[in-house]
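S.K.: The structure that follows is given in the form of structure tokens.
The values are calculated or read from the model by the stated rules, or taken from the named source; none is laboratory data. Everything numeric here is computed off the predicted structure, so don't read it as measured data. When we count neighbours, we look across all protein chains shown, and the Cβ atoms used for this are built from the backbone with ideal geometry, even at glycine. These area figures cover heavy atoms from the full protein model, side chains too; ligands, DNA and RNA do not enter into them. Shrake-Rupley method; radii C 1.70, N 1.55, O 1.52, S 1.80 Å.
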Amino acid sequence: MGPIVIPCSNYKGKGQDILAASSSNNQIQILNAERRIDLSSHIVKVFLTLKVENVGTSPASEIFLAFPPSQADQLALVKAQAAIGKKKKKSYVHLDVNPTQLPDAPNGTKYFSISLLNPLSSGETATLEVLYILTHSLEPFPAEISQLESQLVYFRDSALILSPYHIKQQTTFIKTPSTKVESFTRVEPTKFAGRELKYGPYEDRPPYSFSPVIVHLENNSPFAVVEELLREVEISHWGNLQITEHYKLVHAGARHKGVFSRVDYQSRASVKGASSFKHLLASLPPRVHSVYYRDEIGNISSSHLRTDYRKSELEIEPRYPLFGGWKATFVIGYGLPLEDFLFESPDGKRYLNFSFGCPLAQTVVNKLTIKVVLPEGSKDPSAAVPYPVEQHLETKYSYLDVVGRTVLVLEKKNVVPEHITPFQVYYTFKPIFMLAEPLMLASVYFLFFMACVAYLQIDISIRK
Amino acid sequence: MAVTKTEPINGSTNKPSSSSVSMKSDLMSTLSLKSLKLKTKQQELLIRVSILCLVYVLAFITRLFSVLRYESMIHEFDPYFNYRTTLFLTEKGFYEFWNWFDSESWYPLGRIIGGTLYPGLMVTAAIMYWGLRFLRFAVHIREVCVLTAPFFASNTTLVAYFFGKEIWDTGAGLVAAVLIAICPGYISRSVAGSYDNEGVAIFALLLTFYLFVKAVNTGSLAWGLGSALGYFYMVSAWGGYVFIINLIPLYVLVLLITGRYSMRLYVAYNSMYVLGMLLAMQIRFVGFQHVQSGEHMAAMGVFFLMQGFYFLGWVKHLLGDKKKFEALLRIIVTCAVGVGAIALGVGTASGYISPWTGRFYSLLDPTYAKDHIPIIASVSEHQPTAWSSFMFDFHILLFLFPAGLYFCFKRLSDATIFIVMYGLTSMYFAGVMVRLILVATPAVCLISAIAVSATIKNLTTLLRTKSKVSQTGTTKGASGGKGSSKALPDQSQPFQRNGSYCIAFRCFLPAQGAHGNRVIFDDYREAYYWLRQNTPADAKVMSWWDYGYQITAMGNRTVIVDNNTWNNTHIATVGRAMSSYEDEAYEIMRSLDVNYVLVVFGGVTGYSSDDIKQVFVDGENWRWSIPFLPIETAKIVRFLVEYKLSYYRFGELVTEYGKPPGYDRARGVEIGNKDIKLEHLEEAFTTSNWIVRIYKIGGVSIALIYCLDQGSDFRNVQWIHVLDFVSSDNLSSHPTPPPSHTNTCFQQQKFKLDHIQQSCSNSTITAEGNKYYGECHEKSIRFLKPANKEASLGRETDSERWAPPPQGYALGCFWWAEIAFV
């Protein structure tokens, strides 16, 4: 191993550190890496296929992925799976991915470790497929556009895959939403054809090779970002699950500048308002009922609900088309039959099985808060969520509550549609508590009628 | 005949009660062991209570129409203000509310909300809200506000029952309750969502009257106190309390004249007046008006008269001699009248007692407004009532009313005199102003109820004596039940009426689509929500005052004028801005620090009562504005801001098949000027049906300029050099260089922001304003640019078309003064 030359000015790390870092990882090398970056929406999806080989002596159980710090902040999700079997009988096994820290990370590089199912023994190869999702990584330039202009964005990345390992051969494909690409950095060999930009193949690149590229392209897909989403799931053991979702939606693309002309927008919205969006699609569970869509000042009449036995789709239209920087807040609420979501676990606990994430298609949620409101009298709440989330408990008072309902609050930042997976909330509940409120009401009425009867029957006058 | 006809309906209404009779009897047998059968009196009570309960529910559900058909929301304009203040009250508490200085309206003046409103409605809603929250009903304040009016309408039916019982009998009371519940004249003002003062005030009005009549009938101090409290509630809720404080003295006067003076009356009136007055003074908006304003003087005069009467009675009792007493009486009366007249004269002359307001005059004399305050005459709500509205609002009651009066005169008592006087005066006022039909409604219902009840009672006695068949259980309550069933066929009409009222609400406009489906033009809320979400939080919006309350409540932005209309000059300024040329309007808007202008335009949807109508057409009626003539005739109109903002780029739009582009559907004409250019304003937002259009005042900067050459016209300046640009946002904070500054010629020059951005990169500068001063010197070579070539073209080409306006346009802008009876 010789000193490593980093071809990037950003990575003027201390040679010593890099040497140390690479020395711990020099037993793995990547034979072939293929990266496909999908820029067709504002959620950037990167599919990485790595063929790794253990060239060291001891078996390796972890493979590290490296990200530059700027990208690490935008990272919403990293998933990995291993391909098993040969071409015909290929199947995939999900692998655990966890953020880790290596002691000698150059320039604040962030790492994720993929735990292999079986440690890779010396000389063996394995194929890993990694999906990671970046949000807010497309920077609009120009930052402000008028209604008639279409939206151009910068995408910054490296032509070479940042990796702690030596990569023998690598290629990067960037899929653009349209054929319109203003400019891109050339790192030969570079080829642009159709809607695909190809960097590579590059041969034999040492660890931590980096070659920044910038792609300036047109992207008119809706940059729908929910700044804050509060989902409240209220369980009623009388058979209903009530969901209330508070959205703070913003168009996070290039800011709208100057006039908004309705004539232009009306005549050809797709051209003269290309960067704006008007519709949003929310996919709700099947058998949804009493759906409403409103905001602070009342009902919004522009929504359509389509239901079938597999799923329900709610098409909503904010009150006005959203241009860059425009905001809209609204509330969606609906009820669901409880038997579809509430189950009893073998140990006698009840658990709610509900989907995590935002039901709106193609949106990024900056901050997601899920509040599970358990019925009054339930105890020992605990949540099983497939992602790291912040949890705490609250108390909420709803109709006729005396002691209040326990609310389990789950918070997560930077949520993308790929996060939609079920999560569970376990709690214990005695059915007798269900009767508390009806009994309370009944007794109030009883007392009232008793008072009436007493008033009519008893003579309370002083004189006889 | 009538009785037999109504039998089946009668039976059906009593059906639930009869089942509950058996239930209750079961309960009682186990509890009291007295007897298994109900006594007749108990039966009657049960029937009465169940009828009242049904009426209570009926009154509530008839008013839920708008919620069921649309949604649970606040309608109209004033209710939005009430809603906003209630929200503030519930969030910040009463103390903050009482001291609330609102800087979001009447910018830059602001409004002292706590001191300029009747807080009764807001406090009522807030107390209900807090009460419900305390009982753990997780309701939203909006729902409380929406349902306040129906809830109070239900309560009014109870008061009407007791009132009817007091002046006639229980039967009349029950009929009155039913009639109040379904009378269209009252429904129209108390539907769900119509969260306005009147909703609560009619309840308070009737309650005060009822308690006063009760006090007069019993002579009890407690009832007098009750009526004083009722009066206090009324004063806190609505400006219509003036009606009470004038009707009651008038009533007392009539009783005195007709020789019905009694100790009961003395106690009732004095306790009610003194306590009521003291309590009313606690309302900040009313303050000392009870002792200072001319409208309240009648009550005070009658108060003193009562004391005189009592005193004379005492003296008469002491003297015992009739001749001596008469002599004394003459002296005393002369002195009293003299002293009273002098006090009134001195008070008025010194300004201590304010004279009657124009509003009050216009109530007494229908022709007064037309001659003296055209503005009052102009507002549709204050027009004299047409016969048709009487028919729609009272329906059959209009015919029952005279019959009721007949019965009242036939059985004259203190109570019936009161209701007759209430009925006649309020009917007179209802004839003067459409709006006051509301005040007359309870009286009409009560008097009609007397007619119905008395007629049926007569009829039943007649039938009974004829057939000589003894019927069981025909009591007053039962006859009341028949009365109520007789009034049932009236119900179909209120529904229709109710519907028409809901459609008139202007938050959204329902219409029929091409396929017969219902289309809702929700443009108002679209625009308000856009303002709320996408403008800076401190943006100031200028609009016609009608929309002020809604913009502050729904858009949450500062407005220049709103529906409160307390400052006519301010409104006139806005009106002037709207009806000036863009240059002048721009000056006004800048001076008012306006950021956005909102106009309502109905040319696309055919919604005719938009701003153009308000400014030009109605303005013509009010004799201040220039006539609106659409196509070629009125050239001037086409350059006024209101016109330009409404029709900007409208000429490119085809609104109706087979018509040329730019066809105004509201007025049915093709617009004359299809190529409208805006100089200082730019379109910021237009709603999907073009009903609301919002314009942004062009971002103006002050540029500090070095210039070469002196001249009166900016276009003569050969070279300019831009030193610095200051955003219009911190316009005031930027120090203006003194004109006497030697060797420099700092100028204040206006540019659009667009141009300034470009000028920084050394391209174009467009000169538009023309104010500068001081001597100019050549100093620098940076960013040199010939100014004359870049000067705005629009001004020159427009100059010939911009003929001077005719004399007197946009002058008397005082026609707006709202009469707001509230």
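S.K.: Out of all the residues in the stretch A:244-264, which are more than 14 Å from chain B (Cβ to nearest Cβ) and either touching a Leu at 6+ places or on another chain (Cβ under 7 Å) or under 18 Å from B:ARG532 (Cβ atoms) (or both)?
M.R.: Result: A:GLU245, single match.
S.K.: Just to confirm my filter: which helices (runs of 4 or more DSSP H) fall fully inside the stretch B:511-613 and include at least 3 residues that are within 11 Å of chain A (Cβ to nearest Cβ) and open to solvent by 20 Å² or more (accessible area, probe 1.4 Å)? Before you say what the answer is, go through the steps one by one.
M.R.: Numbers: elements: B:523-534, B:568-578, B:582-591.
In the stretch B:511-613, B:523-534 are the helices (runs of 4 or more DSSP H) which contain 3 or more residues that are within 11 Å of chain A (Cβ to nearest Cβ) and open to solvent by 20 Å² or more (accessible area, probe 1.4 Å).
S.K.: Are any of the residues in the stretch A:336-344 open to solvent by 40 Å² or more (accessible area, probe 1.4 Å), of a type outside the set (A, V, I, L, M, F, W, C), without any contact (Cβ under 8 Å) to a residue 24 or more places away in the chain and away from chain B (no Cβ under 14 Å)?
M.R.: Applying the first criterion (open to solvent by 40 Å² or more (accessible area, probe 1.4 Å)) to the stretch A:336-344 yields A:339-340, A:343-344.
Of the ones still in play, those that are also of a type outside the set (A, V, I, L, M, F, W, C) are A:339-340, A:344.
From what is left, the residues that are without any contact (Cβ under 8 Å) to a residue 24 or more places away in the chain are A:344.
Narrowing the set further to residues that are away from chain B (no Cβ under 14 Å) leaves A:344.
For the stretch A:336-344, residues open to solvent by 40 Å² or more (accessible area, probe 1.4 Å), of a type outside the set (A, V, I, L, M, F, W, C), without any contact (Cβ under 8 Å) to a residue 24 or more places away in the chain and away from chain B (no Cβ under 14 Å): present.
S.K.: If I ask for residues that are at pLDDT below 90 and of a type in the set (D, E, K, R), which ones from the stretch A:54-92 would you list?
M.R.: Correct list: A:GLU62, A:ASP73, A:LYS86, A:LYS87, A:LYS88, A:LYS89, A:LYS90.
S.K.: If you check A:ILE214 against the conditions, is it touching a residue at least 60 places away in the same chain (Cβ under 8 Å) and crowded, with 19+ Cβ neighbours inside 10 Å?
M.R.: Details: touching a residue at least 60 places away in the same chain (Cβ under 8 Å): yes; crowded, with 19+ Cβ neighbours inside 10 Å: no.
Considered against the rule, which asks whether it is touching a residue at least 60 places away in the same chain (Cβ under 8 Å) and crowded, with 19+ Cβ neighbours inside 10 Å, A:ILE214 comes out as no.
S.K.: Is it the case that B:ALA172 is small (Gly, Ala, Ser) and without any contact (Cβ under 8 Å) to a residue 12 or more places away in the chain? Let's see the steps before the verdict.
M.R.: Numbers: small (Gly, Ala, Ser): yes; without any contact (Cβ under 8 Å) to a residue 12 or more places away in the chain: no.
So B:ALA172 fails the test.
S.K.: For the stretch A:290-315, how many residues are surrounded by 19 or more Cβ atoms within 10 Å (Cβ to Cβ) and either in contact with a Leu (Cβ under 6 Å, 6 or more places away or on another chain) or over 27 Å from A:ASP264 (Cα atoms) (or both)?
M.R.: 6
S.K.: Quick one: which of B:VAL57, B:VAL67 is touching a residue at least 60 places away in the same chain (Cβ under 8 Å), within 13 Å of another protein chain (Cβ to nearest Cβ), over 30 Å from B:THR569 (Cα atoms) and open to solvent by 20 Å² or more (accessible area, probe 1.4 Å)? First the steps, then the outcome.
M.R.: Values: B:VAL57 fails: within 13 Å of another protein chain (Cβ to nearest Cβ).
Exactly one residue qualifies, and that residue is B:VAL67.
S.K.: Could you say whether any residue in the stretch A:42-65 is in a loop (DSSP other than H, G, I, E, B), closer than 22 Å to A:VAL365 by Cβ and not aromatic (Phe, Trp, Tyr)?
M.R.: Start the filter on the stretch A:42-65 by keeping residues that are in a loop (DSSP other than H, G, I, E, B), which leaves A:42-43, A:55-59.
Then keep just the ones that are closer than 22 Å to A:VAL365 by Cβ; that gives A:42-43.
When the remaining residues are screened for being not aromatic (Phe, Trp, Tyr), the result is A:42-43.
Looking through the stretch A:42-65, at least one residue is in a loop (DSSP other than H, G, I, E, B), closer than 22 Å to A:VAL365 by Cβ and not aromatic (Phe, Trp, Tyr).
S.K.: Another question about this same structure. Tally up the residues in the stretch A:365-408 that are within 14 Å of chain B (Cβ to nearest Cβ), in contact with a Ser or Thr (Cβ under 7 Å, 6 or more places away or on another chain) and at negative phi, please. Spell out the reasoning first.
M.R.: The first filter runs over the stretch A:365-408 and keeps only residues within 14 Å of chain B (Cβ to nearest Cβ), leaving A:373, A:376, A:395-405, A:407.
Filter again for in contact with a Ser or Thr (Cβ under 7 Å, 6 or more places away or on another chain), leaving A:395, A:404-405, A:407.
Narrowing further to those that are at negative phi: A:395, A:405, A:407.
Residues meeting the conditions: 3.
S.K.: A further question on this structure: Working only within the stretch A:362-384, note down all residues that are outside any loop (DSSP other than H, G, I, E, B) and in contact with a helix residue (DSSP H, G or I) (Cβ under 9 Å, 6 or more places away or on another chain). If you could, list the steps in order and put the result at the bottom.
M.R.: First pass over the stretch A:362-384, keeping only residues outside any loop (DSSP other than H, G, I, E, B): A:364-373, A:379-384.
Selection gives A:VAL364, A:VAL365, A:LEU368.
S.K.: Considering A:GLN151, A:GLN169, A:GLN147, which residue is touching a residue at least 12 places away in the same chain (Cβ under 8 Å), surrounded by fewer than 17 Cβ atoms within 10 Å (Cβ to Cβ) and in contact with a strand residue (DSSP E or B) (Cβ under 9 Å, 6 or more places away or on another chain)? Give the steps one after another, and end with the answer.
M.R.: Numbers: A:GLN151 fails: surrounded by fewer than 17 Cβ atoms within 10 Å (Cβ to Cβ); A:GLN147 fails: surrounded by fewer than 17 Cβ atoms within 10 Å (Cβ to Cβ).
Just a single option satisfies the conditions, and that option is A:GLN169.
S.K.: Go through the stretch B:337-354 and report how many residues are open to solvent by less than 60 Å² (accessible area, probe 1.4 Å), in contact (Cβ under 8 Å) with a residue 24 or more places away in the chain and not hydroxyl-bearing (Ser, Thr, Tyr).
M.R.: 2
S.K.: When you go through B:THR86, B:THR90 one by one, which is the residue that is surrounded by 15 or more Cβ atoms within 10 Å (Cβ to Cβ), more than 14 Å from B:ILE283 (Cβ to Cβ) and within 18 Å of the chain's Cα centre (by Cα)? Before the answer, list the steps.
M.R.: Values: B:THR90 fails: within 18 Å of the chain's Cα centre (by Cα).
From the options B:THR86, B:THR90, the qualifying one is B:THR86.
S.K.: Which residues, counting only those in the stretch B:552-566, are within 20 Å of B:ARG142 (Cβ to Cβ), at pLDDT 90 or above and either of a type in the set (Ser, Thr, Tyr) or under 16 Å from the mean Cα position of the chain (by Cα) (or both)?
M.R.: Of everything in the stretch B:552-566, those that are within 20 Å of B:ARG142 (Cβ to Cβ), at pLDDT 90 or above and either of a type in the set (Ser, Thr, Tyr) or under 16 Å from the mean Cα position of the chain (by Cα) (or both) turn out to be B:THR552, B:ALA553.
S.K.: Mind listing just one residue for me: the one in the stretch B:178-226 that is polar (S, T, N, Q) and within 23 Å of B:THR416 (Cβ to Cβ) and, of those, nearest to the chain's Cα centre (by Cα)? Steps first, answer last, please.
M.R.: First, pick out the residues of the stretch B:178-226 that are polar (S, T, N, Q): B:188, B:190, B:194, B:197, B:208, B:217-218, B:220.
From what is left, the residues that are within 23 Å of B:THR416 (Cβ to Cβ) are B:208, B:217-218, B:220.
Values: B:THR208: 22, B:ASN217: 35, B:THR218: 37, B:SER220: 36 Å.
Only one residue tops the list, namely B:THR208.
S.K.: Can you tell me which of A:TYR426, A:TYR445 is open to solvent by 30 Å² or more (accessible area, probe 1.4 Å) and more than 14 Å from every other protein chain (Cβ to nearest Cβ)?
M.R.: Numbers: A:TYR445 fails: more than 14 Å from every other protein chain (Cβ to nearest Cβ).
Among A:TYR426, A:TYR445, only A:TYR426 is open to solvent by 30 Å² or more (accessible area, probe 1.4 Å) and more than 14 Å from every other protein chain (Cβ to nearest Cβ).
S.K.: Next question, about the same structure. Return the residues of the stretch A:295-320 that are in a loop (DSSP other than H, G, I, E, B) and more than 9 Å from chain B (Cβ to nearest Cβ); say none if nothing qualifies. Please lay out each step first, then the result.
M.R.: Keep residues of the stretch A:295-320 that are in a loop (DSSP other than H, G, I, E, B), which gives A:296-297, A:300-302, A:308-311, A:317-320.
Selection gives A:ASP308, A:TYR309, A:ARG310, A:LYS311, A:GLU317.
S.K.: Only one residue in B:SER72, B:SER50 is modelled with pLDDT of 85 or more, in contact with a Pro (Cβ under 8 Å, 6 or more places away or on another chain) and within 14 Å of chain A (Cβ to nearest Cβ), so which one is that?
M.R.: Working: B:SER72 fails: in contact with a Pro (Cβ under 8 Å, 6 or more places away or on another chain).
None of the others qualify; the one that does is B:SER50.
S.K.: Which of the residues spanning the stretch B:307-331 are closer than 30 Å to B:PRO355 by Cβ and open to solvent by less than 50 Å² (accessible area, probe 1.4 Å)?
M.R.: B:GLY308
Here's the yes/no breakdown for (1) without any contact (Cβ under 8 Å) to a residue 60 or more places away in the chain; (2) touching a strand residue (DSSP E or B) at 6+ places or on another chain (Cβ under 6 Å):
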{"position": "A:TYR165", "(1), (2)": "no, yes"}
{"position": "A:SER183", "(1), (2)": "yes, yes"}
{"position": "A:PRO189", "(1), (2)": "yes, no"}
{"position": "A:GLY200", "(1), (2)": "yes, yes"}
{"position": "A:SER209", "(1), (2)": "no, no"}
{"position": "A:PHE223", "(1), (2)": "no, yes"}
{"position": "A:LEU230", "(1), (2)": "no, yes"}
{"position": "A:GLU234", "(1), (2)": "no, yes"}
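S.K.: Look through the stretch B:257-288, keep the residues that are more than 24 Å from B:ALA222 (Cβ to Cβ) and of a type outside the set (Gly, Ala, Ser), and return whichever of them is surrounded by the fewest Cβ atoms within 10 Å (Cβ to Cβ). Don't jump to the end; show me each part of the working.
M.R.: Going residue by residue through the stretch B:257-288, those that are more than 24 Å from B:ALA222 (Cβ to Cβ) are B:257-259, B:284-288.
With the extra rule that they be of a type outside the set (Gly, Ala, Ser), the set shrinks to B:257-258, B:284-286, B:288.
On the way: B:ILE257: 9, B:THR258: 11, B:ARG284: 14, B:PHE285: 15, B:VAL286: 19, B:PHE288: 12.
In this case the residue turns out to be B:ILE257.
S.K.: Restricted to the stretch A:267-284, and to residues that are at pLDDT 85 or above and surrounded by fewer than 17 Cβ atoms within 10 Å (Cβ to Cβ), which residue is farthest from A:SER303 (Cα to Cα)?
M.R.: A:SER283
S.K.: Being at positive phi, open to solvent by less than 30 Å² (accessible area, probe 1.4 Å), within 14 Å of another protein chain (Cβ to nearest Cβ) and within 22 Å of the chain's Cα centre (by Cα): is that true of A:GLY325 here?
M.R.: So A:GLY325 fits the description; yes.
S.K.: Here is a follow-up. Would you be able to tell me the number of residues in the stretch A:111-165 that are farther than 30 Å from A:SER276 by Cα and assigned to a loop (DSSP other than H, G, I, E, B)?
M.R.: Our first condition is that a residue be farther than 30 Å from A:SER276 by Cα; within the stretch A:111-165, this holds for A:111-130, A:159-165.
Applying the additional criterion that residues be assigned to a loop (DSSP other than H, G, I, E, B) yields A:121-124, A:159-165.
Residues meeting the conditions: 11.
S.K.: Checking B:SER66 against (1) out of contact with any Cys (no Cβ under 6 Å at 6 or more places or on another chain); (2) not in a loop (DSSP other than H, G, I, E, B): exactly one of these is not met. Which one?
M.R.: Failing condition for B:SER66: (1).
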